[in-house]
Amino acid sequence: MKQYYKKPLSWLLDESASENKHTLKRSLNGFQLLMLGLGVIIGAGLFSLTGPAAGNNAGPAVTLSFIVAGVGCAFAGLCYAEFASMIPVAGSAYTYAYTTMGEQLAWIIGWDLVLEFSVGAATVAISWSNYLVEFLSRYQIYLPAQLVHSPFEAVTLANGVTTHGYFNLPAALVVILMSLILMRGSKGSALWNAVVVSLKVGVVLVFIILGWKYIQPANLTPYIPKNTGTFGEFGVSGILRGAGVIFFVYLGFDIVSTAAQETKNPRRNMPVGILGSLAVCTVLFILFAHVLTGLAPYQAFKNSAAPVAIAIAHTPYKWLGQMIILAIIVGYTSVILVDLWGQSRVFYSMSKDGLLPEIFSEVHPRYRTPWKSNILFCIFVSLFAALVPIRVVGEMTSIGTLLAFVIVCGGVWMMRRSMPDAPRAFKTPWVPFVPIMGILTCAVMMAFLPWDTWLRLIIWMAIGMVIYQFYGKKHSKVRQSIKS
């Protein structure tokens with residue numbers, strides 16, 4: 001009979017209970033976890049995806065699309081909250097899978113999350129560089145074109161000469177800066193994130209408050225435009241298709257669970273951070289979408305890459321557009337920070353289990369952070385951001401995150417059956433209905449992702465399985481304990 005080598009729950013509980021200079025420092029409270037979730041969920045996607053979802057799919061009923069997508073995320077969020085309160089250690093879905101489904105599946109999801117967080121941070125860093133160039137140009141400050149593009153990108157200079165970039169310096173620098181903040185400790189990282197999140201939320205609220213009185217009721221009628229005869233183009237199917245388009249705006253709340261081992265009273269605070277960030281964002285997104293589609297006809301957003309600019313043009317507050325660009329620039333730093341945070345904590349957990357070299361789970365004696373893991377990915381992600389064009393990194397898809405959602409939802413269901421009496425500070429309601437709905441919702445989203453996303457995942461997984469076969473299996477602490 002095949003041995004799945006599951007990590008005993010007792011090991012995890014002992015690990016979460018211990019705290020010394022060799023473990024991550026518990027310094028985060030519920031509010032900081034909430035801000036951590038808001039930091040990665042509220043990104044530029046809100047300012048860019050809402051318009052096309054309204055113009056092409058749902059019309060003014062894009063507000064209902066946000067509700068549908070929020071409910072879909074809530075299924076997974078409830079399952080994450082149970083696991084995070086039950087197993088308050090670093091590693092997120094990797095750790096949960098190790099306990100419920102065995103080592104090999106845990107490796108697969110852990111290795112995949114490493115890719116998603118790393119590529120995500122690099123993609124956002126490149127976009128951050130582009131926004132910075134645009135922002136500075138409005139004040140007649142121009143950075144050398146060769147220093148804001150990769151060597152694989154053709155650049156047309158002001159004199160008409162076409163050349164190639166050398167190095168995307170701003171993209172590399174922002175990754176290095178965020179990595180240094182991470183290495184200094186979770187408390188400082190959380191403080192910076194809280195400041196940035198306050199700015200982002202402030203800009204969203206300013207847009208909602210100032211734009212509300214300029215809403216034209218005619219723009220919201222009909223609220224649900226009649227379907228054109230094509231699935232996904234307005235009507236009820238348009239609301240559902242719109243939910244798929246803006247679903248990815250929500251992704252990121254799962255990164256909160258990677259901070260479980262650095263949280264004070266995680267059994268209480270982890271559900272607050274995960275579910276609280278989802279709830280706050282859903283309310284803000286619905287109000288934002290209502291104002292956006294109320295200021296201008298939804299048809300105006302059909303092919304727009306900057307829908308907020310179109311909406312602001314219908315108000316006297318032209319300065320608000322520049323303010324939003326500034327909020328995106330500053331706000332992107334928190335997305336990069338949290339992506340790097342989540343990645344290093346997954347790597348830390350895999351190293352602690354022996355599946356990766358021990359050096360990556362070494363904790364700094366003063367700051368109590370996995371600093372060597374931070375350094376590795378500071379180098380890797382900064383070079384990736386500086387040397388690879390954004391068209392190669394591509395649109396940041398979330399296939400790994402959705403796979404993690406499926407595994408976590410399935411894991412909660414399995415744990416309820418195999419360990420019904422295990423202590424749970426937070427219990428997912430309506431099991432197995434909620435886990436099943438979470439699995440189905442995320443599986444459907446994965447099925448409709450582009451083929452090249454699946455190809456990238458398969459290639460990365462093949463590399464990971466080679467490492468697992470030749471290193472992970474031989475050094476696995478779970479395997480060694482069982483065999484001994």
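Details
- Label separation (ARG138 vs ALA279): 3.5 nm, computed from points 7 Å beyond Cα along the C-beta direction.
- Rounded if a/c under 1.5, otherwise prolate or oblate - segment 154-244, Cα gyration tensor axes: oblate
- In terms of other Cβ atoms within 10 Å, PHE66, PHE377 run from fewest to most in the order PHE377, PHE66.
- Distant alpha-carbon pairs in segment 33-473 (separation over 44 angstrom), percent: 10 percent
- Cross-link pairs exceeding 28 Å between alpha carbons, from the set LYS7/LYS427; LYS200/LYS264; LYS200/LYS226; LYS372/LYS483; LYS264/LYS372; LYS7/LYS200: LYS200/LYS226; LYS372/LYS483; LYS7/LYS200.
- Annotation for VAL444 and LEU191: the two label points, set 7 Å from Cα along the Cα-Cβ direction, are 4.6 nm apart.
- Residues listed by number, segment 310-346, amide nitrogen under 14 Å from LEU199 label point at 7 Å toward C-beta: 322-337
- Charge dipole (the chain, unit charges on Cβ, about Cα centre) - positive-most of GLY342, LEU191, SER361: SER361
- Fewest-first sequence of SER344, SER129, SER418 by Cβ atoms within 10 Å of each Cβ: SER418, SER129, SER344
- Projected label distance in nm at LYS483 and PHE167, using a 7 Å step from Cα toward the beta-carbon: 4.5 nm
- Normalised by the number of residues in segment 33-473, the average gap of Cα pairs under 8 Å and 6 or more apart makes the relative contact order 35 percent.
Computed from the coordinates by the stated procedures, all read-outs in this text should not be read as laboratory data. Here the structure is a predicted model, which means the values were calculated and not measured. Reconstructed Cβ throughout: ideal geometry from the backbone, glycine too, with neighbour counts over all protein chains shown.
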